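Novice: Okay, handing you the structure first.
The values are calculated or read from the model by the stated rules, or taken from the named source; none is laboratory data. Values in this document were obtained by computation on a predicted structure and should not be read as measured data. Neighbour counts run over all protein chains shown; Cβ positions are idealised from the backbone, glycine included. Please note that ligands, DNA and RNA were not included when accessible areas were found on the heavy atoms of the full protein model with its side chains. Shrake-Rupley method; radii C 1.70, N 1.55, O 1.52, S 1.80 Å.
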Amino acid sequence: MLFAGPVASFALLLAEPTPSPEAKTPPQPLSFTEVVTVERTPAKELYLRAVSWLAHSVADAESVLEVQDRESGTLISKVAIPYEPNVASSSENIRGFITFTVTIMVKDGRYKYMISDFTHHGSPSPTADAIDFGALTTAKEFPEISTKIWKHLKTVSASRASALISSMKTAMSAPVPGAGNW
């Protein structure tokens with residue numbers, strides 16, 4: 001028999017935990033994003049700079065330009081970089097790739113970049129299946145497998161993102177060399 005009215009509501013309130021102010025926020029996907037102002041630069045020019053930067057910035061990695069939409073000013077590239085674990089024992093099946101997405105959106109006088117969707121893909125070894133850590137997040141630990149490798153994956157990802165961001169900002173702040181002189 002179901003109770004109706006105030007008694008049922010009171011029982012339901014008691015059964016549901018109330019989040020405390022100290023409650024931890026769940027881990028978020030690892031990502032880097034920023035809106036960057038480039039004074040007096042039209043979206044068309046920023047778009048050309050972004051295309052040029054993408055073509056030259058990921059030469060040492062496998063990448064695929066998935067979206068190249070001049071109308072909306074959006075570029076989306078999927079990138080894969082090799083991953084070599086920082087531990088020697090039992091790391092053959094963790095060695096593999098880290099994939100991520102680089103998104104650039106341009107408007108007159110500014111652009112927004114997002115480097116996101118970092119995911120680890122292990123490679124199978126002759127003696128064992130691949131170990132994938134999957135989507136990288138802001139979580140401090142990954143106790144199911146190895147916190148040391150988890151931290152290393154995030155360090156490698158952040159380092160690669162930092163290098164890309166630095167080179168992007170440099171490229172986006174200056175006209176494409178030779179673009180108008182041919």
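Novice: Rounded to the nearest percent, how much of the accessible area of segment 66-182 (1.4 Å probe, protein heavy atoms only) is carbon and sulfur?
Specialist: Whole-percent figure for carbon plus sulfur exposure: 54.
Novice: Continuing with this model, one more query. Suppose R0 equals 35 Å; then what is the FRET efficiency for residue 24 and residue 65 from their Cβ-Cβ distance, rounded to the nearest 0.05?
Specialist: 0.40
Novice: While we're on this one: Number of Lys pairs in segment 18-177 with C-alpha atoms less than 30 angstrom apart, excluding same-chain neighbours closer than eight positions?
Specialist: 27
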